[in-house]
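For reference, the structure is listed below as structure tokens.
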Amino acid sequence: MTPAAATLVSPGRQALDSALLQLDQAADRLHLDDGLRTMLATPRRSLTVSVPVRREDGRMDVVQGFRVQHNTTRGPAKGGIRFHPSTDIHEVTALAMWMTWKCALVGIPYGGAKGGVSVDPATLTTRELERVTRRYVNEILPIIGPDKDIPAPDVGTDEQTMAWIMDTYSVNAGYPVPGVVTGKPMTLGGSLGRAGATSRGVQIATLKAMSGSPEGRTVAVQGFGKVGAPAARYLADAGCRVVGVSDATGAVVNHSGLDVADLRAWVEETGGVYGYRHADALSHEDLLELDVDVLVPAALEGAITAENASRIRARLIVEGANGPTTPEADRILADAGITVVPDILANAGGVIVSYLEWVQNLQACSWSAKEVDTRLRDLMEESFDAVAAMSAERGLSLRQAAHVIGVGRVAEAHRMRGLYP
Ligand code: NAD
């Protein structure tokens, strides 16, 4: 595809094309037959809904919402809900498919799902956001539930969103149902360790992938939200020097090392990293191309593409975001000898602790922070070791190996269940 033609395709469609290509390559390596390939390439259930929202001035807007359950063969569907203006059905389908492989890869009993509303939360008041959330949840109510499909936070949603979802579902059910969502506030049955879980998983994956001590290793983080900001802190805690950070407002660099806690306080105060006084400004592109040991893309899909991959100087990329590297970029990075810890492994800490939260909800119990963290660390490390072993044994990249394991487990579950009727 020419670069001009590529721009005609939505970012969501590009993400779905990447996901389908990764599936196809894994299916080739697993020698899957055509029927099974089609099953795995096709979501089991896709719902598009119209969400009417009453604005503060009395106007009514209608926004589109989606929930895609890509696969439920290994367990109930599981996946986040994204509020972002460019979210479309293709992006949500790609993200749901990646969730399926991720859950299988880390061995938790879930299928994959994702939801989204094409809305910019920054343009809504809190009351409008609550109305959008509750109405969207009402529209997808028939297909979610603690045994069916369990949402969680993603880009543009947070603990408060999950609390409104839990409440809307519970009011409709007539009794409290904490297990319908994860990433809830502690007071509603959330789990200790869930808020930073994806980032803690990024830290564990980074330390596993690094040869030698993390002390003094330089890090750049793209995206300073729920994943990127705590990931920067965890990596700094491990001894790394976080030198560059970006978010939607801009990018900042300080080669002596950023004080991550101070930067977070600045972001809390001003709404973004732009203008941070103890660092120099740089462009979004330059942040990705910093000469660092580790680059953590933790924003959106398609950050590292055929256009910029050859300028990436990091030795190790750990994908906090889903789908930040396109398949063309993957090839360029591999040729340059850059190791990429793929999204379905690197950011699996979030869904692992979501699973632990759900188990606590179903059992009406709560575990200590230490217990949650130990289980998270064990699952992340075991999964990393399995991927590294498969990569070494078959001469595959970590992404290829992770997909062979994830897709292979789902394919095996399909074979064992058979086809009804
Ligand atoms: P978030 O909304 O909390 O944060 C997103 C961050 O990215 C914000 O700081 C935003 O300003 C920044 N950003 C947006 N566009 C950018 C750009 N062009 N350049 C630099 N920064 C930009 O979202 P999140 O929950 O942190 O999710 C980030 C990524 O991690 C997504 O790909 C998401 O699917 C993935 N992920 C999230 C979780 C989770 O538990 N939240 C789990 C697994 C994977």
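A short reminder: the numbers here are calculations on the coordinates, not readings from a lab. Everything numeric in this text was worked out from a predicted model, so none of it was measured. FYI the Cβ positions are ideal-geometry reconstructions off the backbone, even for glycines, and counts take in every protein chain you see.
Below are the figures for this structure:
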quantity: Surrounding net charge for Gln360, when Lys and Arg each add one and Asp and Glu each subtract one, Cβ distance under 13 Å; calculated: +1
quantity: Stretch in the chain that is longest and holds no GluC sites (Glu not before Pro) that DSSP places in a loop and that have at most 10 other beta carbons within 10 Å; calculated: 216-421
quantity: Share of alpha-carbon pairs per 5 Å distance bin for the stretch 43-180, given as whole %; calculated: 2, 11, 22, 23, 20, 13, 6, 2, 1, 0
quantity: FRET efficiency estimate (nearest 0.05) - Cβ-Cβ, Ser256 to Asp34, R0 56 angstrom; calculated: 0.50
quantity: Quotient of Cα Rg and 2.2 N^0.38 Å for the stretch 150-270, N being how many residues it contains; calculated: 1.26
quantity: Volume per residue that the Cα convex hull of the stretch 238-289 spans, once the total is divided by residue count, Å³; calculated: 78
quantity: Ala334/Leu141 FRET efficiency (R0 51 Å; Cβ-Cβ; nearest 0.05); calculated: 0.70
quantity: 222 nm mean residue ellipticity, helices alone, for the chain (DSSP H n ≥ 4; -39,500 (n - 2.57); rounded to 500); calculated: -14500 deg cm²/dmol
quantity: Whole-angstrom gap from the stretch 102-125 to the stretch 142-183, using each part's C-alpha centre; calculated: 12
quantity: Gain upon complete extension [Asp286, Glu393; 0.36 nm per residue less C-alpha separation]; calculated: 34.9 nm
quantity: Low-density loop cleavage sites - trypsin sites (Lys or Arg not before Pro) in the stretch 256-340, where at most 15 other Cβ are within 10 Å (DSSP); calculated: Arg277, Arg313
quantity: Hydrodynamic radius (Kirkwood) for the stretch 48-106, which is based on Cα pairs only, to one decimal in Å; calculated: 13.1
quantity: Proxy reagent accessibility, fewest Cβ within 10 Å first, across His31, His414, His255; calculated: His31, His255, His414
quantity: Per-selection Kirkwood Rh - the stretch 240-354 (Cα, Å, 1 d.p.); calculated: 14.8
quantity: Antiparallel content of DSSP bridges confined to the chain, in %, to 5; calculated: 50
quantity: Of Gly156, Gly244, Gly115, the one that fluctuates the most in a GNM where the chain has Cα springs shorter than 10 Å; calculated: Gly156
quantity: Least to most buried among Asp34, Asp373, Asp343 (fewest other Cβ within 10 Å first); calculated: Asp34, Asp373, Asp343
quantity: Largest to smallest principal axis extent of the C-alpha atoms in the chain, angstrom; calculated: 56, 55, 51
